[in-house]
């Protein structure tokens with residue numbers, strides 16, 4: 001059974017930093033691209049970032065480019081999101097999601113999602 | 001930051017057919033495939049349709065997708081009470097980013 005479990009969400013002050021983690025199991029992690037998607041309270045889904053199966057290619061939404069860094073450790077079946085210079089508008093539930101396709105992931109076919117971890121940016 | 005436009009709401013009675021539209025541009029829907037997600041209240045999204053019209057295993061055939069030019073549609077036939085949820089379209093954009101639609105809340109009357 002595929003499982004994705006996010007962690008690391010907390011309350012942080014504006015300008016602060018945070019690292020989210022996603023532990024994956026039930027599939028061959030290093031075969032698939034992975035994504036982060038967020039959802040602000042009461043709002044819609046916003047794609048945040050994508051990393052290819054080998055970590056060689058990364059992509060970001062304009063709203064987080066230069067502040068967030070996606071990475072993965074295939075030896076630990078783990079995905080990460082380093083978040084710096086946090087703003088109030090980054091407050092959201094952050095989902096880790098597996099891409100359905102092997103390889104680069106530039107199809108946005110997210111077939112498994114975690115339950116999310118809540119990040120609140122507030123003073 | 002959504003660049004895919006959906007109607008905010010849609011509704012129907014049980015058994016009816018409901019259609020949700022998703023309007024994009026040449027850089028996303030016009031040149032890449034469209035996916036649809038269903039988000040039941042309080043839960044994570046679920047992949048409903050991928051590659052314009054393909055259903056993952058376990059998704060009822062009441063759900064169907066189509067694409068034409070820079071627009072796409074999701075149809076729910078034989079609407080059921082458990083279909084009450086938020087629905088989002090999504091596609092890759094040639095500017096090297098993913099984009100989701102604005103979301104449509106489906107209500108079963």
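Derivation of every value follows stated rules applied to the coordinates shown; laboratory data play no part. These numbers were taken from a predicted model, which means no experiment stands behind them. Using ideal geometry, Cβ is built from the backbone for each residue, glycine included, and neighbour counts are taken over all protein chains shown.
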Report summary line: Out of B:42, B:12, B:24, a Gaussian network model of chain B with alpha-carbon springs under 10 Å gives the largest mean-square fluctuation to B:42
Query raised in the report: So for chain B: antiparallel DSSP bridges make up what percent, rounded to the nearest 5?
Result: 85 percent
**Report entry** Average other protein chain Cβ within 10 Å of Cβ, residues B:96-104
**Finding:** 6
Report summary line: The orientation-averaged projected area of the Cα convex hull of chain A, in nm², is 6.8 nm²
Query raised in the report: Hull surface divided by four, with the convex hull built on the Cα atoms of the protein assembly as shown: how many nm²?
Result: 11.8 nm²
**Report entry** GNM top mover of B:38, B:16, B:54 - chain B, alpha-carbon springs below 10 Å
**Finding:** B:16
Query raised in the report: For residue A:77 and residue A:11, what is the calculated FRET efficiency with R₀ set at 22 Å and r taken between the beta-carbons, to the nearest 0.05?
Result: 0.20
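Neighbour counts of other C-beta atoms within 10 Å: give me B:89, A:22 arranged from fewest to most.
Result, fewest neighbours first: A:22, B:89.
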Query raised in the report: Tell me, B:93, A:54 in order of fewest to most beta-carbon neighbours within 10 Å?
Result: A:54, B:93
Requested in this report: Count the DSSP beta bridges whose two residues both fall in the protein assembly as shown, then state the antiparallel fraction as a percent rounded to the nearest 5.
Outcome: 90 percent
Query raised in the report: Quick one: in chain B, what % of C-alpha pairs are over 23 Å apart?
Result: 21 percent
Report task. Could you please state, rounded to a whole Å, how far the C-alpha centre of region A:1-79 is from the C-alpha centre of region B:33-60? Result -> 20 Å
Report summary line: Listed with the fewest Cβ neighbours within 10 Å leading, B:26, B:11 appear as B:26, B:11
Report summary line: chain B, Gaussian network, Cα under 10 Å: of B:48, B:74, B:96, the residue fluctuating most is B:96
**Report entry** Length added when fully stretched, residue A:31-residue A:123, from 0.36 nm per residue minus Cα-Cα
**Finding:** 29.1 nm
